[in-house]
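Just below is one structure, and these are the notes that go with it.
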Amino acid sequence: MQCHAQNASAEARRDGCTVKPTALLQLDTGRSFASGTGEVSGVGANFRRARFGLTGNLPSDFAYTLEWDFGGRPGRQSRIYEASMAWTGLDGVTVRAGAFEPNFSLQLDRSAQALLFLERSAVVDVAKQITTDTARMAVQARADGDRWFVSVALTGGQAGPGYDGSERARPCARRALPYGRVS
């Protein structure tokens, strides 16, 4: 089950600044059966994603995102999913810094709110775990056009409880769409 407030119209504006609340809830439910007997051995539900946050714009071509994730596997602490600032002063160019998931593929360029399935493909997940993972301290420069994008990021360690910030990566990507821009 998936519920999100992607098209919510609540937005506050003042002196060139905007604030818009965001939410994404994805609930997993399941039942397990004992081997051979067919008897129910367990029933459960868990929020895979329970993200709440704010996005908005500031004067002089700046944007921000603050998002906290309360979901995940049972027993996991809630954590920062994204806390970033972006500069969008040139058409098609974005420079972003903070704690976020750098996007190095077309699949990672879309929010979980816009995915057809609950998860991305396994190949993208494996590459993401090796290079950027989730909510890393990072700086990323990105440029895109109608049929291409280029992305370069320098990342530090993961943000959140239990991470010491000692990991580093330098993902770089260039991608082209054969038939036009995906919207």
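The figures follow:
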read-out	value
Matching option when the condition is modelled with pLDDT of 80 or more and part of a loop (DSSP other than H, G, I, E, B), among LEU90, LEU118, LEU106	LEU90
Qualifying positions in the range 25-42 - touching a Ser or Thr at 6+ places or on another chain (Cβ under 8 Å) and either at pLDDT 80 or above or not in a loop (DSSP other than H, G, I, E, B) (or both)	SER32, PHE33, VAL40, SER41, GLY42
Within the range 75-107, tally of residues that are touching a strand residue (DSSP E or B) at 6+ places or on another chain (Cβ under 6 Å) and under 19 Å from ASP28 (Cβ atoms)	2
Pair list, Cβ < 6 Å and 6+ apart or interchain, from the range 81-105 residues that are within 22 Å of ALA23 (Cα to Cα) to residues that are among the aromatic types (Phe, Trp, Tyr)	GLU82/PHE100; SER84/PHE100; MET85/TYR64
Boolean, ARG14 is under 29 Å from ARG136 (Cβ atoms), out of contact with any Phe, Trp or Tyr (no Cβ under 8 Å at 6 or more places or on another chain) and basic (Lys, Arg)	no
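The values are calculated or read from the model by the stated rules, or taken from the named source; none is laboratory data. Remember, predicted model here, so these are calculated numbers, not experimental data. With ideal geometry, Cβ positions are generated from the backbone for all residues, glycine too; neighbour counts draw on all protein chains shown.
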